[in-house]
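Participant: The structure's right below; bear with me while I get my questions together.
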Amino acid sequence: TADGAGPASYAERADAPDVMSDGWPRLRPLRSAPDFSIASEDPNPVGMTVVGGNGKVAGTVREAWIDKAEYVMRYMEVEVPVSGGSRRVLLPANFTTMDVDRKRIHVKSIYAAQFAGVPGTKSPDAVTLLEEDKIMGYYGGGTLYADRRRQEPLA
C-alpha cells in the first residue's frame, strides 16, 4: 500500500500546507482552530473505535481535522498502537463509514495492522500537500493491495 504505484500513487506536490488568505493552514485539527466546532446535531468521532477492513480494531479517534475553506471534516486523527507505544495518523473521512450507535468507524481499504504504516506529517497541527497525497495514496492503494486476494479476478 506504500509503493506509490497504481492506486497507491501520489503526485510530488509542494511539501507545504495549503494556506488560506490569512496565511494559516486550510486543513487543521480542531485543537488549533478555536473558532470551529462540530455541530451538536452531527456525530463527533472523537473517542470512537476505528475498525480496519479485516474487522479488527485499529485504534481510537483522538481529534477531528477540518477544512476551514469548506466547513467540513476532512480527516480523523487516529491513535494506533506501534511497537513500544503508539502514534497518531490521519484517516481521510471519505474512506470511512460511521456506525454512530456502536461508536465505531469502519475502514474497508486497509487492515488494522496497516494503520501503523500510514505516512506521517511533519507537524502535529498541519498537513502538507505532499503528505496529503501520500496519505490518500496509502488508503487508496489498500483498496487493491491490503490483501493478496483483492488483486485477483472476482470470477
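The values are calculated or read from the model by the stated rules, or taken from the named source; none is laboratory data. Fair warning: this is a prediction, and the values are worked out from it, not measured in the lab. For neighbour counting, all protein chains shown are included, and Cβ atoms are generated from backbone atoms with ideal geometry for every residue, glycine included. Keep in mind that these areas ignore ligands, DNA and RNA; they rest on the heavy atoms of the full protein, side chains included. Shrake-Rupley method; radii C 1.70, N 1.55, O 1.52, S 1.80 Å.
Participant: Given the C-alpha atoms of the range 16-71, compute the convex hull and give its volume per residue in Å³. Provide the component values of the computation, followed by the final result.
Facilitator: On the way: hull volume 6.9 nm³, N = 56.
Per-residue hull volume (Cα only) is 123 Å³.
Participant: Select one label from (i) 51, 39, 36; (ii) 59, 34, 26; (iii) 72, 37, 30: the one whose number is Cα extents along the principal axes in Å as derived from the coordinates shown.
Facilitator: It is the value labelled (i).
Participant: Can you tell me the orientation of helix 129-145 relative to the chain, as the angle in degrees between its alpha-carbon axis and the longest Cα principal axis, to the nearest 10?
Facilitator: The two axes meet at around 30 degrees.
Participant: With contacts defined as alpha carbon pairs under 8 Å and 6 or more residues apart, what's the relative contact order of the chain in percent?
Facilitator: Worked out over the chain, it gives 30 percent.
Participant: Enumerate the whole-percent occupancy of each 10 Å bin, from 0 to the last occupied one, for all C-alpha pair distances of the range 61-102.
Facilitator: Over the range 61-102, the share of Cα pairs per 10 Å bin runs 27, 46, 24, 4 percent.
Participant: List the residues whose amide H sits under 5 Å from the amide H of G59, counting only those 5 or more places along or on another chain, with H placed 1.01 Å from N in the peptide plane.
Facilitator: Close amide H contacts, sequence-distant or interchain: V50.
Participant: Let me know the volume per residue of the alpha-carbon convex hull for the range 34-119, in Å³.
Facilitator: 103
Participant: Please enumerate, by chain and number, the lysines with C-alpha under 17 Å from the C-alpha of K122, excluding those fewer than 8 residues away in the same chain.
Facilitator: Within the straight-line cut-off, K122 pairs with K134.
Participant: Per residue, how much accessible area does the chain have with a 1.4 Å probe, in Å²? Spell out each step's value before the answer.
Facilitator: Working: 8500 Å² over 155 residues.
Solvent-accessible surface per residue comes out at 55 Å².
Participant: Something else about it: How much net charge surrounds V57 when only other residues with a Cβ under 14 Å from its Cβ are counted (Lys, Arg +1; Asp, Glu -1)?
Facilitator: Within the 14 Å Cβ shell, the charges total +2.
Participant: I'd like the accessible area for S83, computed on protein heavy atoms only with a 1.4 Å probe and all protein chains in place. Round to 10 Å², please.
Facilitator: 120
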